[in-house]
Amino acid sequence: MAHRWKLMLLAAVLPGLVACGGSTSGNPSASSATSAATVKLFDPCTGIPNGALSAAGVDPATKDSGVAGVHQSGWEICGWRGPKYYITVYSTARPVSDFETKPGNVEFRDVTIGGRQGRQFRVEGGSKDLLCDVVFPAEQGVLQIELSNRAALDNPENPCALLSRFGAEIVPVLPQ
C-alpha cells in the first residue's frame with residue numbers, strides 16, 4: 001500500500017516538476033543562470049506551519065520532501081496529501097519567464113491568491129484536468145504551488161478553483 005501511495009504521489013508531483021524543470025533554450029538570462037547554490041531557497045517542508053497546511057485541507061503528517069523522497073538539485077520541494085487532493089510547494093532560483101516559455105505549460109493567466117499576484121497555468125497531457133499550478137515571483141526566484149486532484153475521485157472539483165481557495169491559506173506564509 002505504501003508503494004502504491006508513493007507511485008500516486010510521484011504521478012501527481014512529477015508533471016509539475018517537469019513543467020518547470022529542464023534547461024532553457026538559447027542564451028539563459030542572468031537571472032535564470034543564477035545557481036540555487038548561491039541563493040538560499042525557502043524550504044517549504046520547514047517553512048510552512050502545520051496550521052496553514054491543515055487549513056488548506058492537507059495533513060501535515062503526510063509530508064514528503066523532494067520527488068518521492070528524492071532531493072532535486074536546484075529545488076526545495078515538499079508535498080502533502082488530503083482526502084481529495086495533494087498540494088506541493090516548489091522553491092527555486094529560476095525566474096517566472098522560465099515557466100512561461102517551457103513547452104507544455106499552457107493557459108497562463110494572472111491571478112491573486114491570498115493577496116499575492118501570481119501566474120496560474122496548466123500542464124498539457126493526460127493529467128491536465130487534475131492539476132493546476134501558480135508561480136509567484138520572489139526575491140529568491142519563484143515559489144510554486146501545485147494542486148493535484150486524486151485521480152481515483154469521481155467528478156473532482158476544478159483544481160484551479162481549489163488552488164485559489166486553499167492556496168490562500170499557504171500563500172501568506174511564503175517569503176516575498
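Residues 139, 100, ordered by accessible area of protein heavy atoms at a 1.4 angstrom probe radius and largest first, appear as 139, 100. Leaving out ligands and nucleic acids, note down the accessible area per residue over the range 92-176 with a 1.4 angstrom probe, in whole Å². Value returned for the range 92-176: 45 Å² of accessible area per residue.
Only protein atoms count toward the accessible area here, which uses a 1.4 Å probe; on the range 95-147, the carbon and sulfur part of that area reaches 45 percent.
Spin-label model, residue 161 to residue 108: label points 7 Å out along the Cα-to-beta-carbon direction sit 2.6 nm apart.
What FRET efficiency would be calculated for the residue pair residue 68, residue 176, taking the C-beta separation as r and a Förster radius of 25 Å, to the nearest 0.05?
Working: r = 30 Å, r/R0 = 1.20.
For residue 68 and residue 176, the calculated efficiency is 0.25.
Accessible area ranking (1.4 Å probe, heavy atoms, ligands and nucleic acids excluded), largest first, for 42, 136: 42, 136.
The values are calculated or read from the model by the stated rules, or taken from the named source; none is laboratory data. Here the structure is a predicted model, which is why all the values come from computation and not from measurement. No Cβ is skipped: glycine too gets one built from the backbone with ideal geometry, and neighbour counts run over all protein chains shown. Ligands, DNA and RNA are stripped out before the accessible areas are found, and what is left, the full protein with its side chains, is counted by its heavy atoms. Shrake-Rupley method; radii C 1.70, N 1.55, O 1.52, S 1.80 Å.
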